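The values are calculated or read from the model by the stated rules, or taken from the named source; none is laboratory data. Note that this is a predicted model, so its numbers are computed, not measured. Heads up, the Cβs are rebuilt from the backbone with ideal geometry, glycines too, and the neighbour counts pull from every protein chain shown. Protein only, heavy atoms only, side chains kept; ligands, DNA and RNA dropped before computing areas. Shrake-Rupley method; radii C 1.70, N 1.55, O 1.52, S 1.80 Å.
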Amino acid sequence: MLDAMTSQLTSPAPDLADSRPGAEWWRTTVIYQIYPRSFADASGDGIGDLPGVTAHLDDLTSLGVDAIWLSPFYRSPQKDAGYDVADYCDVDPLFGTLTDFDAMLDAAHARGIRVIVDLVPNHSSDRHVWFQEALASAPGSTARGRYLFRDGAGENGELPPNNWESVFGGPAWTRVTEPDGTPGQWYLHLFDTSQPDFDWSNPEVQESFRGILRFWLDRGVDGFRVDVAHGLVKTDGLPDHLPPVDGDSMGGHDEAPYWGQEGVHEIYRDWHRVLAEYDGDRALCAEAWLPTVDRTAEWVRSDEMHQAFNFPYLMTEWQAPAIREVISESLRAFPAVGAPATWVLSNHDVVRHASRLALTAENPQGHGIGPDSPGQPIPDLGLRRARAATSIMLALPGSAYLYQGEELGLPEVIDLPDAARQDPTWFRTDGERYGRDGCRVPIPWTASAPAYGFGPADGSGASWLPQPAEWETLARDVQEDDPDSTLWLYRELLATRRAEDLGAGSLTWLHGYEDDVIAFRNGEVTVIANLGTRPLPLPSGTVLVASEPIAGAELPVDTAVWLRAE
Ligand code: NOJ
């Protein structure tokens, strides 16, 4: 059966020791996302920090990842968990100091782990010195010109300038009180009111971000994950969104006058040139929520960004034909512009895939799930599918992203107390959308320790979101002792991926299987995943890794296996 008719899709296949173009690290790398406030709390204030990251780097080495991406740790009032930046060139005291950052970077590099930091260019915090200056200045001033201030509509300017809605719910405009106390202009915020959008046609804004890039590049970072990379440029004149939408999506709306505008590409060409001034293959990764793989690939043309998250892959349901299609499209569209395909299943904005893959109701990005959401996931089914899904993903050519805690099989926390929730989505929709707190709960390291080892051993500091009692059995130290654990599975997948150089490989679909089976070969590794409803005869070969224990000659339902053909 393995020799059945095949079709081949290629991806760049660099030799990692080769420094010619095409061999850059980011083409094949596995990047582990650290959400610092929920990773490890060394200071005991209940919020994770940079020394906590440094303390756990050996755990990442033993997991087998190549790089880390850290969500924002910059000075911020934390209205959107740090995606509201008040000072782009300093560490918030919650997370430590610049010296802690440098120590973490050095320690990661000493272990061969590359470090990507988050850049948030669409908006700043309302506490940023520029926005404070804008509020204190007159309409039409230089200070207002760095943001998108406009006069209101209506007889007395009492209506928002247009009908745009915030991604977090409610209008995307807030009216200010002018320094003389009169009701004044409005400013645009595609996200929370505390996140005013910059005006990217302003050369001062452009120059400022070149400086921010250089600040972190000079410190030695390997690259940037670029927040809302599809949103910086708005259509001239800020016309109404027609037809009006409630802003419930980060970018499913292809026609929105603020997503995916042509002008953003010039910004990334400019940044590409800044990164090219530095040695060591520094990289930009676009967080661009676009409706198709082909649109996403526009962000990674050879003179723009280096990677873009493959959100169409993340959003694909647990259906073999749909998964095959998005893989094929990705392996066509990204290499066609000279970029690697990327793969991702979880991050800090979506329902964790150990729950999402067993949901039976639609769950738009950012809405989250809570006790009253329709289509509640079946936990065991979700985890089983998640293990199989990751086994498929890590066998694919290109670069893959993991989100902290998925290596422990953590599910979404559905029953957080309302009083604990902190996502602005929850507040801006009056609790109609639960938001993203359920995927951000601090991760469990040690079953018997306070806060499961997330904080100091003396128990100082409660974790900023409560951890469920069931997580005792999912703590990393418990999984260390269990060869059937998700942690062991991730380690085996990552070690085999590296040994077989799968990231640099190419994919060949294997035909002759039922439609609900995903079957492909990458190099010497054959991957078979059974997404059907009954067990499959297991093809002959040596089992390298299996997402569930395999007994006998059958591949159970919702299970994936990596085989070496005999
Ligand atoms: C995308 C980030 O991933 C998300 O967490 C944040 O709320 C928005 N961008 C706004 O910065």
Report task. Working only within the stretch 71-82, note down all residues that are more than 21 Å from ARG210 (Cβ to Cβ) and either within 10 Å of the ligand (Cβ to nearest atom) or surrounded by fewer than 21 Cβ atoms within 10 Å (Cβ to Cβ) (or both). Result -> SER71, PRO77, GLN78, LYS79, ASP80, ALA81, GLY82
Requested in this report: Of all residues in the stretch 90-120, count the ones that are of a type in the set (D, E, K, R) and within 12 Å of PRO72 (Cα to Cα).
Outcome: 3
**Report entry** Those helices (runs of 4 or more DSSP H) lying entirely in the stretch 290-367 with at least 1 residues in contact (Cβ under 8 Å) with a residue 24 or more places away in the chain and not assigned by TED's automatic domain parsing to the domain that holds GLY435
**Finding:** none
Query raised in the report: In the stretch 378-392, how many residues are surrounded by fewer than 22 Cβ atoms within 10 Å (Cβ to Cβ) and not charged (D, E, K, R)?
Result: 3
Query - Tabulated pairs, the stretch 226-239, first farther than 17 Å from ASP151 by Cβ, second within 16 Å of the ligand (Cβ to nearest atom) and aromatic (Phe, Trp, Tyr), C-beta under 7 angstrom, 6+ apart or interchain - result: ASP227/TYR83; ALA229/TRP299; HIS230/TRP259; HIS230/TRP289; GLY231/TYR258; GLY231/TRP259; LEU232/TRP200; VAL233/TRP200
Requested in this report: Read through the list (1) of a type in the set (D, E, K, R); (2) open to solvent by less than 20 Å² (accessible area, probe 1.4 Å); (3) touching a helix residue (DSSP H, G or I) at 6+ places or on another chain (Cβ under 6 Å), then give the number of the only condition that ASP197 fails.
Outcome: (3)
Query raised in the report: How many residues does the stretch 211-246 hold that are open to solvent by 40 Å² or more (accessible area, probe 1.4 Å) and either touching a strand residue (DSSP E or B) at 6+ places or on another chain (Cβ under 6 Å) or in a loop (DSSP other than H, G, I, E, B) (or both)?
Result: 10
Requested in this report: For GLY169, state whether it is of a type in the set (Gly, Ala, Ser) and more than 15 Å from the ligand (Cβ to nearest atom).
Outcome: no
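So, in the stretch 299-319, exactly how many residues are more than 13 Å from the chain's Cα centre (by Cα), surrounded by fewer than 21 Cβ atoms within 10 Å (Cβ to Cβ) and more than 18 Å from THR28 (Cβ to Cβ)?
6
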Report task. Go through the residues of the stretch 235-242 one by one and say whether even a single one is modelled with pLDDT of 95 or more and either in contact with an Asp or Glu (Cβ under 9 Å, 6 or more places away or on another chain) or within 16 Å of the ligand (Cβ to nearest atom) (or both). Result -> no
Report task. Take ASP92 and decide whether it is open to solvent by 10 Å² or more (accessible area, probe 1.4 Å), of a type in the set (Asp, Glu), at pLDDT 95 or above and within 16 Å of the ligand (Cβ to nearest atom). Result -> yes
Query - Candidates PHE215, PHE149, filtered to the one that is away from the ligand (no atom under 16 Å from the Cβ), touching a Cys at 6+ places or on another chain (Cβ under 8 Å) and of a type in the set (A, V, I, L, M, F, W, C) - result: PHE215
